[in-house]
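Undergrad: Here you go, one structure.
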Amino acid sequence: QHLRKLRARDPKSGTQVGSAGGWKLDIYPGDYIVHRRYGIGQFERTLVQDKVIKEGSEEANLILKRRKKIVKAAKKRGYTEKQLLTLMENFGTEKDPDPISRPRISLLEISYSDGMVHVPVDKAYRLSRYQSSDASVAVKLSKIRGDSWRKQKLKVLESTLVLAEDVLALYARRETLHRTPFDPRLEPLIQTFEETFPYTPTPDQNSCFETIENDMVWRRRPMDRLVCGDVGFGKTEVALRALYRCVANGRQAVLLAPTGVLASQHYKHVLARLGPTSPFNVSIAKLVGGMGKNTKVGKAIRAQIATGEAQLIVGTHALLAEGIPYNNLGLLVVDEEQRFGVKQKEKIKIV
């Protein structure tokens, strides 16, 4: 494996490539990129080299014509035979300043585990930024030689097709699912919790509250909603009211976050609003990475989930692990769903 090198991002060392269609990519030395043909590599630098021109090509003819014009112009300026000879000897060398007589090309130098590749800037559309769901994992650079990258792409394609079939089957099955709506007679209890919100809800929040209440209380189809909004616009309050409605109806509820830090923040907030010290006395548990099924804490929390003692569970992707024994799960809220991968999202839907 190729260990990651942490390099300072000097704006002067960065390179921006793009196309007329609006595609852009900013890369810096040390960035990991993916080439369609060669696979995962590491950008080293941008360099300029003389362009290799095929003999007899149109571009070669243009160069020849250009040099003839330069010589003709030099003769008019009174160059001697010796000066003209020196001028012609300099064609195509470092002493040739004319961009047509000496065409040059900008190249992106990319290193791989077994060599180096120079990609012309005008071919940069073949590159994309390397992305990983786990930034702490060391990146393994691809090999230029051999067909390991082709096999890897084929494997991903096959797994993608299988995943697509599973997703289609899942959505077809979801269309036939029905559930028992939540009890409308418990809504006064939910209103008691709503009154503890110290702010005046915005019109958009009120619209969300009403829509989600209709989904949970008055409809038989399982709810599948996406709530969008900028930071500080009150999405958490929308989620809290839905979570409490679920718990008040005797069902288990889960709040899933992409990171341990965010999960801990949610846990503290939920504990303050709904926990044992609040008037609502909801039993709340937290399950994050490091709380495996073989750890003392992990076993205890899983036991609380299995028995239903934990009414509301806050956690990370650890909640999606195999064998989590949910007890009559009624609602799953996912925070920042865009930070979860496709497989994780589809696993969420079959929890």
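The values are calculated or read from the model by the stated rules, or taken from the named source; none is laboratory data. Here the structure is a predicted model, which is why all the values come from computation and not from measurement. Cβ coordinates were reconstructed from backbone atoms using ideal geometry, including for glycine residues, and neighbour counts include every protein chain displayed. Side chains included, ligands, DNA and RNA excluded: accessible areas come from the protein's heavy atoms. Shrake-Rupley method; radii C 1.70, N 1.55, O 1.52, S 1.80 Å.
Undergrad: Right, Val297: assigned to a helix (DSSP H, G or I), out of contact with any Phe, Trp or Tyr (no Cβ under 8 Å at 6 or more places or on another chain) and open to solvent by less than 30 Å² (accessible area, probe 1.4 Å) or not?
TA: Working: assigned to a helix (DSSP H, G or I): yes; out of contact with any Phe, Trp or Tyr (no Cβ under 8 Å at 6 or more places or on another chain): yes; open to solvent by less than 30 Å² (accessible area, probe 1.4 Å): no.
For Val297, the condition - assigned to a helix (DSSP H, G or I), out of contact with any Phe, Trp or Tyr (no Cβ under 8 Å at 6 or more places or on another chain) and open to solvent by less than 30 Å² (accessible area, probe 1.4 Å) - is not met.
Undergrad: Quick check: is even one residue across the range 209-216 within 30 Å of Leu240 (Cα to Cα) and touching a Pro at 6+ places or on another chain (Cβ under 6 Å)?
TA: Initially, the range 209-216 is screened for residues within 30 Å of Leu240 (Cα to Cα), giving 209-216.
Within this subset, residues satisfying the condition of being touching a Pro at 6+ places or on another chain (Cβ under 6 Å) are none.
Within the range 209-216, none of the residues are within 30 Å of Leu240 (Cα to Cα) and touching a Pro at 6+ places or on another chain (Cβ under 6 Å).
Undergrad: Let me ask you something else. Out of the range 264-294, which residues are hydroxyl-bearing (Ser, Thr, Tyr) and open to solvent by less than 50 Å² (accessible area, probe 1.4 Å)?
TA: Kept after step one, since they are hydroxyl-bearing (Ser, Thr, Tyr), are these residues of the range 264-294: 264, 267, 277-278, 283.
Passing the criteria: Ser264, Ser278, Ser283.
Undergrad: Next question, about the same structure. Every residue in the range 1-23 that is modelled with pLDDT under 70, farther than 15 Å from Arg126 by Cα and not in a strand (DSSP E or B), please.
TA: Gln1, Leu3, Arg4, Lys5, Leu6, Arg7, Ala8, Arg9, Asp10, Pro11, Lys12, Ser13
Undergrad: Cβ-Cβ distance below 6 Å, separation of 6 or more or different chains: which pairs start in the range 295-312 with a residue that is under 18 Å from Gly250 (Cα atoms) and without any contact (Cβ under 8 Å) to a residue 60 or more places away in the chain and end on one that is assigned to a helix (DSSP H, G or I) and open to solvent by less than 60 Å² (accessible area, probe 1.4 Å)?
TA: Ala310/Gln304
Undergrad: OK, next. Going through Tyr112, Tyr130 one at a time, which residue ends up being among the aromatic types (Phe, Trp, Tyr), touching a residue at least 60 places away in the same chain (Cβ under 8 Å) and open to solvent by less than 30 Å² (accessible area, probe 1.4 Å)? Can you show your working first?
TA: Working: Tyr130 fails: open to solvent by less than 30 Å² (accessible area, probe 1.4 Å).
Answer to the selection: Tyr112.
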